[in-house]
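Asker: Pasting a structure here, questions to come.
Any read-out appearing in this document is the output of simple, stated calculations on the displayed coordinates, not a laboratory observation. Because the structure is a prediction, the values reported are computed rather than measured. Glycine gets a Cβ as well: all are built from the backbone with ideal geometry, and neighbour counts include every protein chain shown.
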Amino acid sequence: MVRDDRPAEARRVELARTFDGDDEDAARYDRARPGYPERMYGDLARLAGAVPGSRVLEVGCGTGQATVPLAARGCRVTAVEAGARMAAVARGKLGADAEVVTAAFEGWELPAEPYDTVLAATAFHWIDPAVRVARAADALRPGGALAVVRTQHVRGGTEDFFAEAQGCYERFDPATEPGLRLPAAADVDGSDHAVEVARSRRFGPTLFRRYERDLTYTTAEYLDLLLTYSGHRALPEPARSGLLGCLGDLIDGRYGGRVTKRYLTELAVSHRR
């Protein structure tokens, strides 16, 4: 619900730095982020080859929201995470069940043995667009799959709250577009990713699967969640505190201390030529 008019690459680099500030930031990310729908892991197995015994490279694993379920399903996961604190949380959760490497994917030396699947779960957009598709292809065996998961907040849930909440954003963030509203899931277009992958000429056609779900939050849980989003974290402290206070008052005062958010999770799978 916040617009940012800086050049895309400058925005990507700056916002990517916001996640790994301190141990509390990593702990908050781990407890507040919702993970992924169960059906998605079935599709990862069927479409992307993430089956027991397969070699999976996860790019930008965060604190392990997708890594833990994949390892529990018997995948042999190597997870690469640029944030040292986020990687430490993932490493503590996984133990010997997966290898967690603290490194930026762009500069990490790929091992000689290729992977069956390269997965980026809500992380591909943080990787340098000049190299991300090519490096994913380099990491894969012929026929291996690049699986990219993107998550978006869409229309649904407590719709009146999100319409009213826009007033808080317009008040505390001058970059917010007036009257901005959430898109319907049917209006979200994932073709930009398919075009990027096709342009590389290293992958076949991209297959898509979509999953919608509603999650309900208390006031404290919802504000905690917002503090895991780069756009909110990048706000100056007075504006961030004012925004969270405004939203908290709105949830408590008009919505009984609970709101429901609708998520659209999109899985895109492309096989290396």
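Asker: Spot the failing condition for ALA130; the list is (1) farther than 25 Å from GLY42 by Cα; (2) outside any loop (DSSP other than H, G, I, E, B); (3) not hydroxyl-bearing (Ser, Thr, Tyr), and only one is missed.
Answerer: (2)
Asker: Another one. Would you confirm whether any residue within region 138-156 is assigned to a loop (DSSP other than H, G, I, E, B), crowded, with 16+ Cβ neighbours inside 10 Å, touching a strand residue (DSSP E or B) at 6+ places or on another chain (Cβ under 6 Å) and touching a residue at least 12 places away in the same chain (Cβ under 8 Å)? Break it down into steps so the answer makes sense when it comes.
Answerer: Kept after step one, since they are assigned to a loop (DSSP other than H, G, I, E, B), are these residues of region 138-156: 155-156.
Imposing the further condition that a residue be crowded, with 16+ Cβ neighbours inside 10 Å reduces the set to 155-156.
Among the residues that remain, those that are also touching a strand residue (DSSP E or B) at 6+ places or on another chain (Cβ under 6 Å) are: 156.
Those left that are additionally touching a residue at least 12 places away in the same chain (Cβ under 8 Å): 156.
Among the residues of region 138-156, at least one is assigned to a loop (DSSP other than H, G, I, E, B), crowded, with 16+ Cβ neighbours inside 10 Å, touching a strand residue (DSSP E or B) at 6+ places or on another chain (Cβ under 6 Å) and touching a residue at least 12 places away in the same chain (Cβ under 8 Å), which makes the answer yes.
Asker: Still on this structure, please answer the following. Out of (1) touching a residue at least 60 places away in the same chain (Cβ under 8 Å); (2) under 18 Å from ILE127 (Cβ atoms); (3) not in a strand (DSSP E or B), what's the single condition that is false for VAL56?
Answerer: (3)
Asker: Report yes if ARG240 is buried (at least 17 other Cβ atoms within 10 Å of the Cβ), over 29 Å from MET40 (Cβ atoms), out of contact with any helix residue (DSSP H, G or I) (no Cβ under 6 Å at 6 or more places or on another chain) and not small (Gly, Ala, Ser), otherwise no.
Answerer: Details: buried (at least 17 other Cβ atoms within 10 Å of the Cβ): yes; over 29 Å from MET40 (Cβ atoms): yes; out of contact with any helix residue (DSSP H, G or I) (no Cβ under 6 Å at 6 or more places or on another chain): yes; not small (Gly, Ala, Ser): yes.
For ARG240, the condition - buried (at least 17 other Cβ atoms within 10 Å of the Cβ), over 29 Å from MET40 (Cβ atoms), out of contact with any helix residue (DSSP H, G or I) (no Cβ under 6 Å at 6 or more places or on another chain) and not small (Gly, Ala, Ser) - is met.
Asker: OK, next. Considering only residues that are touching a helix residue (DSSP H, G or I) at 6+ places or on another chain (Cβ under 6 Å) and either surrounded by fewer than 17 Cβ atoms within 10 Å (Cβ to Cβ) or farther than 19 Å from VAL148 by Cα (or both), which ones fall in region 70-89? Spell out the reasoning first.
Answerer: Pass one, region 70-89, residues touching a helix residue (DSSP H, G or I) at 6+ places or on another chain (Cβ under 6 Å): 71, 77, 79, 81, 85-86, 89.
Hits for region 70-89 are ARG85, MET86, VAL89.
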